[in-house]
Amino acid sequence: MLTESTENYLKAILQLEADRPEGVSTSAIAQRLDAQPASVTGMMRKLAERELVNYERYKGVSLTASGRKHALATVRRHRLWGLLARF
């Protein structure tokens, strides 16, 4: 089970990867989530330890297969909540 914060990071990376297939910068993630760059770097290290992202300092971040699976599940769940909220 992933925390809400972890899900938000994975979702943001998934969305940003669409424009940056070579890797997403931590500053782009920080801007998307309105977070401090140092906090994003710390989270990227944690996500890399859990094998959800590939993180290389100064090169950016990309989702692993497992990270992509979790990110897509989060996006689907959020879309479903949005649809259910209309009723």
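A few remarks follow.
- With the convex hull drawn over the C-alpha atoms of the chain, the volume per residue is 96 Å³.
- Neighbours of R50 by Cβ distance under 14 Å: Lys/Arg scored +1, Asp/Glu scored -1, total +1.
- Helix 65-85 and the long axis of the chain differ in direction by around 30°, with both axes built from C-alpha atoms.
- Ranked from largest to smallest solvent-accessible area, with a 1.4 Å probe on the protein heavy atoms, M44, M1 come out as M1, M44.
- Residue-normalised accessible area of the chain, given per residue in Å² at a 1.4 Å probe: 68
- For the chain, carbon and sulfur atoms together expose 51% of the accessible surface, with a 1.4 angstrom probe and every protein chain in place.
- Cut-off under 5 Å, modelled amide H: who pairs with V53 long-range: A48, T64
- Relative contact order of the chain, defined on C-alpha pairs under 8 angstrom at six or more residues apart (%): 31
- Taking every DSSP helix (H) stretch of at least 4 residues in the chain, weighting each as -39,500 (n - 2.57) and dividing the sum by the residue count yields a mean residue ellipticity at 222 nm of -21000 deg cm²/dmol.
The values are calculated or read from the model by the stated rules, or taken from the named source; none is laboratory data. Keep in mind that this is a model prediction, so the values were computed, not measured. Cβ sites come from the backbone with ideal geometry, for glycine too, and all protein chains shown count toward neighbours. Heavy atoms of the whole protein, side chains included, go into the accessibility calculation; ligands, DNA and RNA do not. Shrake-Rupley method; radii C 1.70, N 1.55, O 1.52, S 1.80 Å.
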